[in-house]
Structure formats: C-alpha cells, structure tokens
Amino acid sequence: MAAFERPRRHRNGPATAAPRPPRGRRWRWVPVLVVGALLFLADQQAVVATGNLNLVPSLLLFGALLVPVTFVVWVDGRNPAYDVPMSVLLICGLLGGVIGTVAASVLEADTAHRLGGLPTVLIGLIEEGAKLLVPIGVLVFTRYRSNPADGLLIGVAVGTGFAVLETLGYGFVTLLATGGDLGAAEGLLLLRGILSPAAHIAWTGLAAAALWHAHAQRWRPRAVAVLVGTFVLVVVFHAIWDTVPSLPTFVIVGGISLALLVRQTHRDVLTAGPGPAVRSVGSPERPAPGADGR
C-alpha cells in the first residue's frame with residue numbers, strides 16, 4: 001500500500017541507477033548518535049554523582065530525543081531528492097509534537113467521556129489523524145509540496161516530535177509512580193526510544209508520503225484510494241500495537257512498518273532520476289529518452 005511509484009526505466013534500456021546523496025550527508029547520523037549518547041551519559045553520571053534533581057529534566061530530554069532524532073537524520077541522508085532544510089524539519093517536529101499530542105489528548109478524553117471508554121482502534125484513529133494536522137498545513141501553506149518525496153521526510157519529523165513528547169510524558173509519570181526511580185525511567189526511555197522509529201515515526205511518515213503522493217497526482221481516485229488505504233493500515237498497526245503490547249507485536253508490527261518506510265524511501269530515490277515518471281505539480285514535463293531524436 002505504501003509503494004506509490006514503480007522504479008523508472010529508460011524506454012530503450014534497463015532501470016536507471018539510483019542517485020546517491022553526498023557521503024557527508026549519508027553518514028551525518030553517526031556524529032548525531034555519538035554526541036547525543038555522550039551527552040546523555042554525562043548527564044546521567046552527573047545525576048548519580050551529585051544527586052542534583054535539577055538535571056533530571058535534561059536527562060529525560062536527551063533520553064527521549066536520542067534515537068528518534070538520529071533516525072530523522074538517517075532518513076534525510078538516504079534520499080538526495082529531499083530538499084526540506086533541517087530548520088523546517090525542526091519546526092515541523094516541534095509543532096507536530098505539541099499540536100498532535102494536545103489534539104489527541106483532548107479528543108481522546110472527550111471520546112472516552114462520551115462512550116464511557118476508549119477502544120484502542122479509536123486511539124489509533126485519533127492519534128494518527130492528529131499527527132497529520134501539521135503535514136496538511138505544510139502541504140497547503142508552504143512551498144514544500146512540489147516534491148512528493150518530501151512528504152515522507154516531513155511525516156517522519158512530525159512523528160518524531162509526537163513520539164518524543166509522548167515519551168517525555170511517560171518518563172515523567174514513571175518517575176512519579178516509582179518515587180523517583182531513575183533506573184525505571186531510563187529503561188522506559190530506552191525501550192520507547194528504540195521502538196519509536198518502527199511505530200509513531202514510521203506510521204506518520206507513510207501516511208504523509210501518501211498525502212504528498214495524492215497531491216502530486218492531482219487527487220486522482222487511485223491516489224486518493226492509496227492515501228485512504230495507507231491511513232487505514234497505520235491505524236490498524238497502531239491499534240494492534242496498543243492492544244497487544246508484547247515483544248512479538250513489536251517485532252512483527254514494528255518490523256513491517258519500518259520495512260515499508262525504508263522501502264518507500266528507496267522507491268523515492270529510484271523515481272528521482274531522469275525518465276518519464278510522474279512529475280511534481282508545477283514542474284515541466286521531461287522528454288522521454290530518445291524523444292528528441294538523439
């Protein structure tokens with residue numbers, strides 16, 4: 001459902017070679033991970049050595065940010081077609097996290113009050129819908145809508161913001177519930193941080209990619225059907241994740257979600273090269289190879 005375009009092929013030859021991002025961009029995630037991990041460890045050791053509770057918020061923040069932010073940088077380095085600057089991704093992540101968590105929390109509370117309970121499928125529907133508010137705003141009001149590949153990256157950034165703020169909330173609640181047990185909070189941060197790329201981040205990335213694809217296809221029925229199908233798929237994944245929170249669920253559902261996201265990233269690379277693929281809205285039509293008689 002998430003594979004929106006087939007790889008391009010020259011009309012008179014085999015598939016074109018996928019372009020590659022610059023080496024520095026492909027490996028930029030490594031220093032992000034290393035520096036972030038060192039900062040987290042330094043903060044952790046300082047808390048242990050001094051008992052200074054003022055350092056606990058920064059410990060929670062570094063723990064929640066480390067893996068999701070590294071993943072965003074990794075995804076950005078995989079595709080030369082992305083042209084969204086890091087500053088825009090940061091804004092999308094911040095707004096997406098705040099607006100998404102606030103909207104989801106209000107809607108979930110209101111729905112639970114009306115129904116006397118909240119089925120997990122409604123949690124998935126509400127949260128996945130809330131996370132698309134910022135991507136829809138970006139698509140409508142900014143210039144970052146002409147390149148279909150950018151939708152996936154913006155969705156990944158928004159999913160990261162949502163996952164980070166949600167993890168911070170869970171970490172804070174764990175600290176309160178355990179009477180300040182940092183070990184329990186750190187374990188939660190580690191688990192949710194590792195799982196976030198295969199959950200919130202992947203689901204929002206896939207849904208936003210389908211949204212950009214439908215826009216690039218001028219909302220043709222088939223593209224809209226792909227968008228609806230992708231959204232239903234991520235809601236189902238979310239509901240299963242919440243209903244059966246176990247290691248097999250995380251491995252199976254998370255593995256499929258992450259595989260679909262990586263596959264779509266790879267297909268974005270293949271469809272970014274020269275050839276008669278679907279063009280972005282507003283871009284000139286490219287002549288097919290050999291069309292000019294050369």
Item to check | Which listed residue is modelled with pLDDT of 95 or more and not charged (D, E, K, R), from 207, 288 | outcome: 207
Checklist entry - Which condition does residue 192 not pass, out of (1) free of Cβ contacts under 8 Å to residues at least 12 places away in the same chain; (2) charged (D, E, K, R); (3) buried (at least 21 other Cβ atoms within 10 Å of the Cβ), if it passes all the others? => result (1)
Next on the checklist: Condition first: open to solvent by 10 Å² or more (accessible area, probe 1.4 Å) and either part of a loop (DSSP other than H, G, I, E, B) or farther than 22 Å from residue 202 by Cα (or both). Can you find one or more residues in segment 93-102 that meet it?
Outcome noted: no
Next on the checklist: Quick check on segment 232-252. Is at least one of its residues modelled with pLDDT under 95, in contact with a Ser or Thr (Cβ under 7 Å, 6 or more places away or on another chain) and open to solvent by less than 40 Å² (accessible area, probe 1.4 Å)?
Outcome noted: no
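Here is a yes/no grid of residues against (1) open to solvent by 30 Å² or more (accessible area, probe 1.4 Å); (2) in contact (Cβ under 8 Å) with a residue 12 or more places away in the chain:
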| site | (1), (2) |
| --- | --- |
| 21 | no, yes |
| 27 | yes, yes |
| 40 | yes, yes |
| 45 | yes, no |
| 49 | yes, no |
| 58 | yes, yes |
| 63 | no, yes |
| 72 | no, yes |
Checklist entry - What do you reckon, is residue 175 touching a residue at least 40 places away in the same chain (Cβ under 8 Å), open to solvent by 30 Å² or more (accessible area, probe 1.4 Å) and within 26 Å of residue 54 (Cβ to Cβ)? => result no
Checklist entry - Could you count how many residues in segment 131-152 are of a type in the set (Phe, Trp, Tyr) and either crowded, with 21+ Cβ neighbours inside 10 Å or not in a helix (DSSP H, G or I) (or both)? => result 1
Item to check | Single match in 69, 84 (criterion: of a type in the set (Val, Ile, Thr) and part of a helix (DSSP H, G or I)) | outcome: 69
Checklist entry - What about residue 176, is it of a type outside the set (Phe, Trp, Tyr) and more than 17 Å from residue 100 (Cα to Cα)? => result yes
Item to check | Index of the failed condition, residue 109 passing every other in (1) open to solvent by 40 Å² or more (accessible area, probe 1.4 Å); (2) within 19 Å of residue 169 (Cβ to Cβ); (3) of a type in the set (A, V, I, L, M, F, W, C); (4) in contact (Cβ under 8 Å) with a residue 12 or more places away in the chain | outcome: (4)
Checklist outcome for this item: Among residues of segment 112-130 being farther than 13 Å from residue 238 by Cβ and assigned to a helix (DSSP H, G or I), the residue least open to solvent (accessible area, probe 1.4 Å) is 112
Checklist entry - Could we say that residue 272 is of a type in the set (Gly, Ala, Ser), over 30 Å from residue 41 (Cα atoms), open to solvent by 10 Å² or more (accessible area, probe 1.4 Å) and at pLDDT below 90 here? => result yes
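The values are calculated or read from the model by the stated rules, or taken from the named source; none is laboratory data. Everything quoted here is computed from the prediction, not taken from an experiment. Quick reminder, even Gly has a Cβ in these numbers, built from the backbone with ideal geometry, and neighbours come from all protein chains shown. In case anyone asks, the SASA skips ligands and DNA or RNA and just uses the protein heavy atoms, side chains included. Shrake-Rupley method; radii C 1.70, N 1.55, O 1.52, S 1.80 Å.
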